[in-house]
Protein chains: 2
Amino acid sequence: MTTALLDSLRQIVGAAHVLTDGDLTAYEQDWRKRVKGKALAVVRPASTAEVAAVVKACAAAGSPMVPQGGNTGLSVGSTPDGSGTQVVLSLTRMNQVRAIDRDNLTMTVEAGCILQSLQETADKEGLLFPLSLAAEGSCTIGGNLGTNAGGTQVVRYGNTRELCLGLEVVTPQGEVWDGLSGLRKDNTGYDLRDLFIGSEGTLGVITAATMKLFPQPAARLTAWAAVPSMQAAVRLLGLAHQHLGAGLTGFEVMGRFALSLVIKHMPQLRVPFAGLDGAPPYYVLLENSDSESEEHARERFEALLEFAFEDGCVLDAVVAESLSQAHELWHIRESIPLAQAEEGLNIKHDISIAASRIPAFVEHTDALLQREIPGVRLVNFGHLGDGNLHYNVQAPEGGDAREFLRTQEDRVNQLVYDAVALFHGSFSAEHGVGVLKADKLAHYKSPVALSMMRAIKQALDPQGLMNPGCILQK
Amino acid sequence: MTTALLDSLRQIVGAAHVLTDGDLTAYEQDWRKRVKGKALAVVRPASTAEVAAVVKACAAAGSPMVPQGGNTGLSVGSTPDGSGTQVVLSLTRMNQVRAIDRDNLTMTVEAGCILQSLQETADKEGLLFPLSLAAEGSCTIGGNLGTNAGGTQVVRYGNTRELCLGLEVVTPQGEVWDGLSGLRKDNTGYDLRDLFIGSEGTLGVITAATMKLFPQPAARLTAWAAVPSMQAAVRLLGLAHQHLGAGLTGFEVMGRFALSLVIKHMPQLRVPFAGLDGAPPYYVLLENSDSESEEHARERFEALLEFAFEDGCVLDAVVAESLSQAHELWHIRESIPLAQAEEGLNIKHDISIAASRIPAFVEHTDALLQREIPGVRLVNFGHLGDGNLHYNVQAPEGGDAREFLRTQEDRVNQLVYDAVALFHGSFSAEHGVGVLKADKLAHYKSPVALSMMRAIKQALDPQGLMNPGCILQK
């Protein structure tokens, strides 16, 4: 049976694109190297028709499939299990930009396109594709859609979901749904598009998408502010919305300890206001995009910061004077995960809570963790504009990080996720569920919602062959 | 059986809220008076618990249910059929604003809240709830969600879908799903929220929702431009995006004949540039919202219009000097449906097409209709910013409109919808499918999509009791 399936797959995509031998680690191991599986084969189709034929062949053989893009996911959602029975369906050869429609402000792209290349494609047209996140040099738009990726521009442009107008999908039965519409309004029946977005390859394979484009702003300015508390950061967010309107394109928060790790491990970076004793507890990076001019952007930014300073929610602030200064400020923010890795293994979270509840959540959970695990260090940073925190936990100073993870990870997760639930938040804001957090979904999600999800999964994939164990536990 | 059910319903909501006698036309007839059905009863629950109990009682009795809000829908999606067996579930007593969260920029509201009252609620808080459409004085937010209503601010703020962060839903089994999250990022499993939005009461009953709020703009300005062609209108749209960025909050197009009906039937309205012989073929109403000041908004608007004039895509333009002038311009736009009604019965369409394809679509379809039905008059207007046209068809001058509809409506619909399909558009942009267009869905929607929709309907509503015949034909 297996031989017959492999023969069929080779006929469909060519023998060179059915990988079974050699080192397949890049396909079989997840990005953070938490899990290494074993694939029956890695199949690399080059067209929608090939994807459909591959899915049909696997379905006929009863072989489970794991769709995969750049394999940069953080929740183990695109690697095979250890059984050696799953076919990895790698979309990376489907990397064509099928169309750019300037008048409609859309582009239609294949699932395997690298995110950064799509940003560049738009840029060449004088347009903006705003999705931006750390893995953009490696991740694919198909993966972004499958996980509904977020990133740093969500406060203005939304998640991947909000950037997508239409999809092309191969169903678990190997049929092609052409939903590649460039329409901004289309109320003809159930919203299948949004059902597939964020379904992490468990309901079908996204092969192409029509994405929104935007005019390039005339200027983008970055500011950095020290704030006296998380409550003040939330207050600043409200003022920024009010003063900048849709000009507000980025609003990141960083805790003092997170920045102290950057200062320690990347001493070449100058971190404003954060290095001294008695430095403020939180810092905010703001981005203001302007459709008019840099001068206008600067005026608006300065008016906001002056108001916020008078108001007391900002202690000190600086607006980047040049593009390179702006990049430097963003670089500090983006260096936190690396600085954290330098400091040692740690426990990562990707949570969201209504902005209004974040100050109380942080106060509650900081104290709780300190009480339960004395000396634990909190690396708190994230996209406050979207209520999304990467509330990460580092072992106590000088402790054995590996041992800490081994003995404390489950407990820390439970403490944090219980607190998130208490504050009506989500245990997965932008990274998805994958296999890694499927148990959390089973525990924290409403049973009514879970039961509807299972019914939908059963309805669309009755054989249960699409990415089994991802999102919904087997 | 029926008596037992009615007794149960009376016990749940009180006898006064189970209507079976007297004139129930307001509940049994659709807004445009195309269909009048007969309900078994109209039930008016006042709480989510009551809705759940009503649904459980109906499900146990095998009685079909038709959820209803303000009953202002344009596609016959919220009235009972003629069988006398369906229970109308009116949500209008569920009209509480449960919470306003200023820091999170959200409000949680019950399904029966009138749209205009929600706009006013936000306004009192100094915030904006941007959803705005003709029926806002009567329609409910539950109905807006059920049909994913659009309106005049979509170019900036999106459809109702994009304004909703979370839902509370009573399932067809009478269970309550509390998905009332105020989260802007939440990737924990399938997107049930967007599945219910736009499902027109066929998958469950939306009882409450958490909706986004926005800062009030500092100024809103309105302009009116005459343009030489539809192509020029599309060009102006691109320039407006570029010059105004997210300031562009409205972009409406109107054909000369549509405006000539306003001039004829509302002679008190002064319609700029449109009254004379040889007047331009199309007119655009633009709205620019500014987070800074009226002065700034005016500068930006004038810069845009000057550029567009030089470019040739604008022939003449005026920016409203006062709020009352702005209202007057909007009033002209909003008077088109009334002027049309004054002129006589007509055939309405609510179509969407990628903006880039609209000029060719209009040229093709105008010519086609003139050829097939000589003398036919096209009342073309709509939300060009969203690619949404109300491409309506009026009987030839002096003809018998009733006779025209009787003999030509099906043919006109087929000509128009076939043309829409040819240009990859949608036959229902913002009005939904309802019972009225269920046959169009069966005809024009991809069979793969239809089959997935049927599978989802069967999975969530296996008894088939929720609004049967709406969207999917029985």
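The values are calculated or read from the model by the stated rules, or taken from the named source; none is laboratory data. In this text, all values refer to a predicted model and were calculated from it rather than measured experimentally. Virtual Cβ from ideal backbone geometry, glycine too; neighbours counted across all protein chains shown. Please note that ligands, DNA and RNA were not included when accessible areas were found on the heavy atoms of the full protein model with its side chains. Shrake-Rupley method; radii C 1.70, N 1.55, O 1.52, S 1.80 Å.
So what are the radius of gyration and Dmax for the Cα set of the stretch B:342-474, in Å?
16.5, 52
Beta carbons within 10 angstrom, averaged per residue: use that to sort the peptides A:55-63, B:36-44, highest first.
B:36-44, A:55-63
Could you tell me what percent of the DSSP beta bridges with both partners in chain B are antiparallel, to the nearest 5?
Details: 59 of 69 bridges.
DSSP beta bridges in chain B are roughly 85 percent antiparallel.
Taking a label point 7 Å from Cα toward Cβ, how far is residue B:21 from its twins in the other copies, in nm, shortest first?
Distances to the matching label points in the other copies: 8.7 nm.
For residue B:451, what is the net charge nearby, where nearby means another residue's Cβ is under 15 Å from its Cβ and Lys, Arg count +1, Asp, Glu -1?
Details: positive: B:445, B:454, B:457; negative: A:175, A:178, A:461.
For residues surrounding residue B:451, the net value is 0.
Between copies, how close do the residue B:263 label points come, placed 7 Å along Cα→Cβ, listed in nm from shortest?
Once sorted, the set of distances for residue B:263 reads 7.1 nm.
Express in Å², to the nearest 10, the accessible area of residue A:466 obtained by rolling a 1.4 Å probe over the protein heavy atoms while all chains stay in place.
Rounded to the nearest 10, the figure is 0 Å².
Using the per-residue mean of other Cβ atoms lying within 10 Å as a proxy for protection, in what order, highest first, do the peptides A:45-52, A:401-408, A:253-260 fall? Write down the numbers at each step before the final one.
Working: A:45-52: 20.1, A:401-408: 14.5, A:253-260: 21.9.
In decreasing order of mean packing, A:45-52, A:401-408, A:253-260 become A:253-260, A:45-52, A:401-408.
For chain B, find the longest principal axis of its Cα atoms and tell me its angle to the long axis of helix B:294-311, 0 to 90°, nearest 10.
So the inclination is approximately 60 degrees.
Show me the three semi-axes of the equivalent ellipsoid for the protein assembly as shown, from the C-alpha gyration tensor (sqrt of 5 times each eigenvalue), largest first, rounded to whole Å.
Working: eigenvalues 379, 239, 170 Å².
Over the Cα atoms of the protein assembly as shown, the ellipsoid semi-axes are 44, 35, 29 Å.
Please give the per residue accessible area of the stretch B:225-347, computed with a probe of 1.4 Å over protein heavy atoms only, in Å².
Details: 5160 Å² over 123 residues.
On a per-residue basis, the stretch B:225-347 sits at 42 Å².
Which whole number gives the average count of other chain Cβ atoms within 10 Å of the Cβ atoms across peptide B:239-251?
Details: counts 1, 1, 6, 8, 4, 3, 12, 12, 5, 3, 1, 0, 0.
Per residue, the average neighbour count from other chains is 4.
Any idea what angle helix B:256-265 forms with the longest principal axis of chain B, computed on alpha-carbon atoms, 0 to 90 degrees, nearest 10?
It is inclined by approximately 80 degrees.
Calculate, for the stretch B:54-107, the solvent-accessible area per residue in square angstrom, rolling a 1.4 angstrom probe over the heavy atoms of the protein chains. Write down the numbers at each step before the final one.
On the way: 1720 Å² over 54 residues.
Ligands and nucleic acids excluded, the result is 32 Å² per residue.
Do any residues of the stretch B:385-401 lose at least 20 Å² of accessible area when the full set of protein chains is present rather than just their chain alone, and if so which, with a 1.4 Å probe?
B:386
How much of the accessible area of the stretch B:344-422, probe 1.4 Å, is carbon plus sulfur, in whole percent? Walk me through the numbers on the way to the answer.
Values: 1450 of 3010 Å².
About 48 percent, which is the carbon plus sulfur part of the accessible surface.
In Å² (nearest 100), what accessible area is buried between B and A, both sides summed, heavy protein atoms only, 1.4 Å probe?
Buried: approximately 6200 Å² between A and B.
Once you have all Cα-Cα distances for the stretch B:396-448, histogram them in 5 Å bins from zero and send the whole-percent values.
Bin by bin from 0 Å, the calculated values are 4, 17, 23, 24, 14, 11, 5, 1, 0, 0.
How shielded is A:353-361 by partner chains, expressed as the average number of their Cβ atoms within 10 Å of its Cβ atoms?
Numbers: counts 4, 11, 8, 7, 4, 2, 1, 0, 0.
Other-chain Cβ atoms within 10 Å of each residue's Cβ, averaged: 4.
Any idea what % of Cα-Cα pairs in the stretch B:219-338 are farther than 21 Å? The partial results should precede the final answer.
Values: 2359 of 7140 pairs.
Summing the P(r) tail past 21 Å for the stretch B:219-338 gives 33 percent.
Please report the base-10 log of the normalised intensity I(q)/I(0) for chain B, using a Debye sum with one equal scatterer per alpha carbon and no solvent, at each q in 0.09, 0.12 (1/Å).
Debye intensities relative to I(0), on a log10 scale: -0.63, -1.10.
If you line up the long axis of helix B:230-244 against the longest principal axis of chain B, both from Cα atoms, how many degrees apart are they, to the nearest 10?
80
Can you tell me which of B:367-379, B:11-23, A:84-96, B:236-248 comes out highest on packing, and rank the rest after it, using the mean Cβ neighbours within 10 Å? Don't skip to the end; give the middle numbers.
Working: B:367-379: 15.4, B:11-23: 13.6, A:84-96: 20.8, B:236-248: 22.8.
In descending order of packing, they fall as B:236-248, A:84-96, B:367-379, B:11-23.
If we hang a label 7 Å off Cα along the beta carbon direction at residue B:418, how far is it from the matching labels on the other copies, in nm, shortest first?
6.7
Run the reach check for residue A:457 against lysines, Cα to Cα strictly under 25 Å, same-chain hits fewer than 8 apart removed. What comes back?
Hits, sequence-local ones excluded: A:38, A:56, A:437, A:440, A:445, A:474, B:56, B:185, B:445, B:457, B:474.
Need one number: the % of Cα-Cα pairs in the stretch A:1-84 sitting beyond the 20 Å mark.
On the way: 1089 of 3486 pairs.
Result for the distance tail: 31 percent.
I'd like the projected area of the stretch A:180-284, averaged over all directions, using the convex hull of its alpha carbons. Report it in nm² with one decimal.
Taking a quarter of the hull surface, the average projection is 11.4 nm².
Let me have the 222 nm mean residue ellipticity of chain A computed from DSSP H runs of 4+ only, each contributing -39500 (n - 2.57), with the sum over all residues rounded to the nearest 500. Each step should come with its number before you reach the end.
Working: 16 runs with 182 residues, N = 474.
My calculation for chain A gives -11500 deg cm²/dmol from helical runs alone.
Mind checking the mean number of beta-carbon atoms from other chains within 10 Å of the Cβ atoms in A:212-223?
Rounded to a whole number, the mean comes out at 2.
Considering the convex hull of the alpha carbon atoms of the stretch A:283-364, report its projected area averaged over all viewing directions, in nm², one decimal.
Values: hull surface 31.1 nm².
So the Cα hull casts an average projection of 7.8 nm².
Using a 1.4 Å probe on the protein heavy atoms, what percent of the accessible area of the stretch B:1-131 belongs to carbon and sulfur?
Numbers: 2580 of 5260 Å².
Ligands and nucleic acids excluded, carbon and sulfur reach 49 percent.
Run the paramagnetic zone check for residue B:458: 7 angstrom along Cα to Cβ, then residues of the stretch A:41-61 with backbone nitrogen under 18 Å.
none
Hey, any idea what % of the stretch B:219-338's accessible area is carbon plus sulfur with a 1.4 Å probe? Intermediate values should be presented prior to the final figure.
Values: 2640 of 4950 Å².
On the stretch B:219-338, the fraction of accessible area on carbon and sulfur atoms equals 53 percent.
Once Rh is set to the Kirkwood radius over Cα pairs, what Stokes-Einstein translational diffusion coefficient, in µm²/s, holds for the stretch B:344-422 at a temperature of 37 °C and a viscosity of 0.692 mPa s?
On the way: Rh = 12.7 Å.
Taking Rh from Cα pairs, D becomes 259 µm²/s.
Do any residues of the stretch B:433-473 show a loss of at least 30 square angstrom of accessible area between the isolated chain and the full protein assembly, using a 1.4 Å probe, and if so which?
With the partner chains in place, the stretch B:433-473 has these residues losing at least 30 Å²: B:445, B:448, B:452, B:453, B:455, B:456, B:459, B:460.
Need the per-residue list for the stretch A:100-117: every residue with at least 20 Å² less accessible surface in the complex of protein chains than in the chain by itself, probe 1.4 Å, sorted by number.
A:101, A:103, A:104, A:105
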